[in-house]
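All remarks here apply to the structure that follows.
The values are calculated or read from the model by the stated rules, or taken from the named source; none is laboratory data. Keep in mind the model is a prediction, meaning the values are calculated, not measured. Neighbour counts are summed over all protein chains in view; Cβ atoms, including those assigned to glycine, are modelled from backbone coordinates with ideal geometry. Surface accessibility is based on the protein's heavy atoms, side chains included, excluding ligands, DNA and RNA. Shrake-Rupley method; radii C 1.70, N 1.55, O 1.52, S 1.80 Å.
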Amino acid sequence: MSGRHPGARVLVVEDDSTVAEVVTRYLAREGFQVETIADGPSALDYTLASPPDLLVLDLMLPGLDGLELCRRVRAVASVPIVMLTARGDETDRVVGLELGADDYIAKPFSPRELTARVKAVLRRSAGLVDDPLSAVDQRLTAGHLEVDLAAREVRLAGDTVDLTGREFDLLAFFMLHPHQVFRREELLELVWGYTFGDTSTVTVHVRRLREKVEADPSAPGHIRTVWGVGYRFEA
């Protein structure tokens with residue numbers, strides 16, 4: 001894959017033929033090579049045999065659900081994954097993100113938003129997004145929390161903390177900009193690379209990050225909520 005994304009191969013795994021057709025049409029219009037598969041086992045076989053540049057993955061699939069498919073793909077490949085979900089339960093989204101999905105979008109969704117997210121995930125996975133972390137070679141500390149930007153490692157009181165890639169990016173961004181308040185929309189643009197979209201993905205990541213790095217996630221000392229505005233990091 002070169003440049004922005006010309007010719008990038010996208011596998012759409014969706015058992016609803018109408019949704020699959022709409023997604024395929026919009027992505028093809030943007031120059032992507034799109035394949036569609038309607039069940040989990042076939043999608044897994046295809047992905048392992050010929051990994052696409054990105055997976056658009058529905059959660060509700062016959063044969064093998066999207067979460068299990070995501071887990072199995074992630075165990076052997078680093079293919080970027082954008083999940084589609086019609087479920088209202090936030091738990092499924094959180095689990096998907098923890099399994100390694102790069103992003104999710106809830107149905108009903110705007111095809112324009114999905115296309116923008118696919119492009120953003122591909123840009124970031126290809127290293128085409130201006131990344132403020134790449135220009136910084138240092139360790140960041142805040143109390144017992146330590147972040148090694150070069151090694152992309154996090155330790156809390158000396159113990160390694162297992163973060164997803166996006167959780168690490170978000171934590172590092174917060175620590176590089178202490179005492180500054182950021183709206184969810186700003187974080188979506190600055191950390192995710194999206195200029196619009198569902199800000200609940202920021203909320204989910206902040207909550208999961210607090211559970212991993214805060215002594216008391218219900219009363220966070222580092223990642224603080226500024227009510228009615230957004231979030232602020234305090235050392």
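May I ask you to verify whether D198 is among the charged types (D, E, K, R), open to solvent by less than 60 Å² (accessible area, probe 1.4 Å) and not in a helix (DSSP H, G or I)? Spelling it out, D198 is indeed among the charged types (D, E, K, R), open to solvent by less than 60 Å² (accessible area, probe 1.4 Å) and not in a helix (DSSP H, G or I). Out of all the residues in segment 18-33, which are open to solvent by less than 70 Å² (accessible area, probe 1.4 Å) and either of a type outside the set (A, V, I, L, M, F, W, C) or closer than 17 Å to I105 by Cβ (or both)? Residues satisfying the conditions are V19, A20, V22, V23, T24, L27, G31, F32. Applying the criterion of being in contact with a strand residue (DSSP E or B) (Cβ under 6 Å, 6 or more places away or on another chain) and either at pLDDT 90 or above or over 16 Å from W192 (Cβ atoms) (or both) to the residues of segment 150-168, the residue that is least open to solvent (accessible area, probe 1.4 Å) is V154. Taking residues in segment 126-149 that are under 30 Å from D216 (Cβ atoms) and modelled with pLDDT under 65, and partners anywhere that are open to solvent by less than 50 Å² (accessible area, probe 1.4 Å) and of a type outside the set (S, T, N, Q), the pairs with Cβ atoms closer than 6 Å and at least 6 places apart or on different chains are L133/L149; L133/A172; V136/L149. Which residue pairs have Cβ atoms closer than 6 Å, lie 6 or more positions apart in sequence or on different chains, and pair a first residue in segment 152-175 that is assigned to a helix (DSSP H, G or I) with a second residue that is open to solvent by 30 Å² or more (accessible area, probe 1.4 Å)? Listed pairs, sorted by first residue: F168/R152. The residue pairs whose first member lies in segment 34-51 and is open to solvent by 50 Å² or more (accessible area, probe 1.4 Å), whose second member is among the polar types (S, T, N, Q), and whose beta carbons are closer than 7 Å, counting only pairs six or more residues apart or on different chains, are T36/T24. In the set (1) open to solvent by 10 Å² or more (accessible area, probe 1.4 Å); (2) at pLDDT below 85; (3) aromatic (F, W, Y), the condition left unmet by F173 is number (2). Residue pairs whose Cβ atoms lie under 8 Å apart, separated by 6 or more positions or on different chains, with the first residue in segment 206-235 and touching a residue at least 12 places away in the same chain (Cβ under 8 Å) and the second open to solvent by 60 Å² or more (accessible area, probe 1.4 Å) and small (G, A, S), are G221/G143; G221/A215; H222/G143; H222/A235; A235/G143. The listed residues are L114, L64, and the only one of them that is under 16 Å from the mean Cα position of the chain (by Cα), surrounded by 15 or more Cβ atoms within 10 Å (Cβ to Cβ) and over 16 Å from T164 (Cβ atoms) turns out to be L114. Considering segment 212-233, and only residues there that are surrounded by fewer than 17 Cβ atoms within 10 Å (Cβ to Cβ) and of a type in the set (A, V, I, L, M), the residue that is nearest to D159 (Cα to Cα) turns out to be A215.
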